[in-house]
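The block underneath contains the structure these notes are about, expressed in structure tokens.
Derivation of every value follows stated rules applied to the coordinates shown; laboratory data play no part. Being a predicted model, the structure only gives us computed values, none of them experimental. Here Cβ is always computed from backbone atoms with ideal geometry, including for glycine, and neighbour counts include all displayed protein chains.
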Amino acid sequence: MPLRIRIRLPGRRAAGAVRRPDAVPVRFVSDAVRFDETASEAEEGERRRRLHRFVRLAAPGGIFAVGTALAIFGQGGCLDLRSSLAEEAALQVEVQSQFEKTMLLKAEVARLRADPAQIERIAREQLGYAGEGEIQFLLPPDPDDPEEPDLGAGLPRPARPDR
């Protein structure tokens, strides 16, 4: 005759079993120990189980906290991104002003290429050139007039005789 074993799994009722309406499932913490365990070994096993449970719960939380901190404060994090965006905005303003300055200079170059009288005027005023047959007199600049250009600024000074 074969041996029959009936195993009841927790939470499952036997076929045909009726649950009483006033029955409340209750779980009790067992203080029983295995026959080959002492009480201290049982406490040690319980501490290990608690430690393992804590590690299983705390490890993902710790990894999440470290990852979040690195994403905010680490290299290339949110704070670096915010400062980079501010720097980019400042550089875009500077690029725009340089672009406008370049456009003004290009317009001035186009005006100078179209008008030879303007080129002659700049050569006389800023570079100190003279036309054929003209004599130029270089006078010392007026110290009270800051607008007057110093045409002899790049020329060597004449030697003074010793007194």
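Over all directions, average the projected area of the Cα convex hull of region 83-128 and note it in nm².
Numbers: hull surface 16.6 nm².
The Cα convex hull of region 83-128, projected and averaged over all directions, gives 4.1 nm².
If you line up the Cα atoms of region 45-134 on their principal axes, what length do they span on each, largest first, in Å?
Each principal axis gives a Cα extent; for region 45-134 these are 114, 21, 12 Å.
Expected output is a single nm value to one decimal: the length gained when fully extending between GLU43 and GLU87, i.e. 0.36 nm times separation in residues minus the C-alpha distance. What is it? Before the final figure, lay out the partial values.
Numbers: separation 44, 0.36 × 44 = 15.84 nm, distance 6.06 nm.
Stretched fully, the GLU43-GLU87 segment lengthens by 9.8 nm.
Assuming R0 = 30 Å, what is the FRET efficiency of ASP142 and ARG121, from their Cβ-Cβ distance, to the nearest 0.05? Don't skip to the end; give the middle numbers.
Details: r = 21 Å, r/R0 = 0.70.
After rounding to 0.05, the efficiency reads 0.90.
Could you give the length gained by full extension between ARG53 and ILE72, i.e. 0.36 nm per residue of separation minus their alpha carbon distance, to one decimal place?
Details: separation 19, 0.36 × 19 = 6.84 nm, distance 2.94 nm.
That pair, ARG53 and ILE72, stretches by 3.9 nm at full extension.
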